[in-house]
1. Search the stretch 54-94 for residues being modelled with pLDDT under 80 and among the polar types (S, T, N, Q), and hand back the single one that is most open to solvent (accessible area, probe 1.4 Å).
2. Pairs under 7 Å by beta carbon, first residue at positive phi in the stretch 184-209, partner of a type in the set (Gly, Ala, Ser), six or more apart or different chains?
3. Cβ-Cβ under 6 Å, sequence separation 6+ or interchain: first residue in the stretch 154-178 and farther than 11 Å from LYS91 by Cα, partner of a type in the set (Phe, Trp, Tyr) and at pLDDT 95 or above. Which pairs?
4. Working only within the stretch 129-147, note down all residues that are open to solvent by 60 Å² or more (accessible area, probe 1.4 Å), touching a residue at least 12 places away in the same chain (Cβ under 8 Å) and not in a helix (DSSP H, G or I).
5. Looking only at strands (runs of 3 or more DSSP E) that fall completely inside the stretch 166-214, which ones have 1 or more residues that are open to solvent by 30 Å² or more (accessible area, probe 1.4 Å) and of a type outside the set (Lys, Arg)?
6. Assuming ALA121 fulfils every condition listed in (1) open to solvent by less than 50 Å² (accessible area, probe 1.4 Å); (2) of a type outside the set (Lys, Arg); (3) outside any helix (DSSP H, G or I) apart from one, which condition is it?
7. Out of curiosity, is PRO97 open to solvent by 50 Å² or more (accessible area, probe 1.4 Å) and at pLDDT 95 or above?
Amino acid sequence: MASRSTRFSCAVGTALAVALGAACAPAAYAAEPQPLFGKTGESLPLSQAAFVDLLPFAHEDSTPDLDQVQALAEQRMAEETARVAAERSDKRLDYDPALIAAIGNQLNGGHTICCPAYACAYGDAILTGQANGHEAYGCGCCTWPGWGGGNSSFRSLGSDAALLREAYDEIAAGRPTVIHVSGPYGEHWICLMGYQDVQDPDNLTLDNFLALDPANGEEHVASYRYAPYGDACQHVSDLR
């Protein structure tokens with residue numbers, strides 16, 4: 001009967017062969033010594049590197065331990081599962097505050113009717129890492145370039161529930177949205193760029209969303225002074 005170490009070596013050898021795309025080497029190749037993972041200093045493909053990281057004995061002289069390898073693999077799987085689960089309830093898209101400051105806002109810029117253009121500029125700053133002036137989107141009359149176009153026509157989802165579910169799905173995929181809301185000064189547009197405390201993606205309110213507000217260029221919970229406008233209008237990036 002094969003010893004435990006022999007069986008382990010066979011298992012690891014087989015796994016390495018699969019992970020590295022190896023096949024049975026011909027005799028001519030086998031006759032010439034080859035580095036295990038290619039030339040010295042050569043970067044491994046991600047799958048290979050990830051597999052090697054699971055093998056502590058690949059980096060140092062130690063006795064292979066199948067239980068150790070299995071425990072490490074299970075730990076990493078559990079960490080990834082936890083990360084994915086956490087993102088279902090809470091996610092915030094990163095952005096550079098300096099870009100938002102460079103774009104400006106309605107309060108400082110004096111453009112009191114340009115909220116949709118500022119909101120689109122904020123969204124593109126998140127997506128592209130570039131600060132476009134709000135006038136690129138149509139100062140005074142937003143034409144939604146890169147956000148559905150349509151010469152200022154609004155895109156309606158038919159219901160607030162559908163709008164918020166789409167906003168959740170877009171942010172989950174790494175993309176902000178621009179939505180129509182009502183506030184203390186009437187109708188307004190804000191850029192949604194995060195969600196929080198989500199229990200049911202089909203039962204959301206603005207309490208569940210984070211937004212960049214063109215009125216002042218600040219990040220807030222979207223419901224801090226806004227509610228859905230009632231026309232279920234939302235624009236999404238053409239980069240979908």
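1. Looking at residues that are modelled with pLDDT under 80 and among the polar types (S, T, N, Q), I get THR63.
2. Taking only residues 6 or more apart or on different chains, the pairs are ASP197/SER89.
3. If the second residue must be of a type in the set (Phe, Trp, Tyr) and at pLDDT 95 or above, the pairs left are VAL178/TRP189.
4. Answer for the stretch 129-147, where residues must be open to solvent by 60 Å² or more (accessible area, probe 1.4 Å), touching a residue at least 12 places away in the same chain (Cβ under 8 Å) and not in a helix (DSSP H, G or I): GLN130, CYS139.
5. Where strands (runs of 3 or more DSSP E) fall fully within the stretch 166-214 and carry at least 1 residues being open to solvent by 30 Å² or more (accessible area, probe 1.4 Å) and of a type outside the set (Lys, Arg), they are 177-183, 186-195.
6. The one condition ALA121 does not meet is (3).
7. yes
The values are calculated or read from the model by the stated rules, or taken from the named source; none is laboratory data. As the structure is a computational prediction, the values presented were derived from the model and not from experiment. Glycine also receives a Cβ, built like all others from the backbone with ideal geometry; neighbour counts cover every protein chain displayed. What goes into the accessible areas is simple: the full protein's heavy atoms, side chains included, and nothing from ligands, DNA or RNA. Shrake-Rupley method; radii C 1.70, N 1.55, O 1.52, S 1.80 Å.
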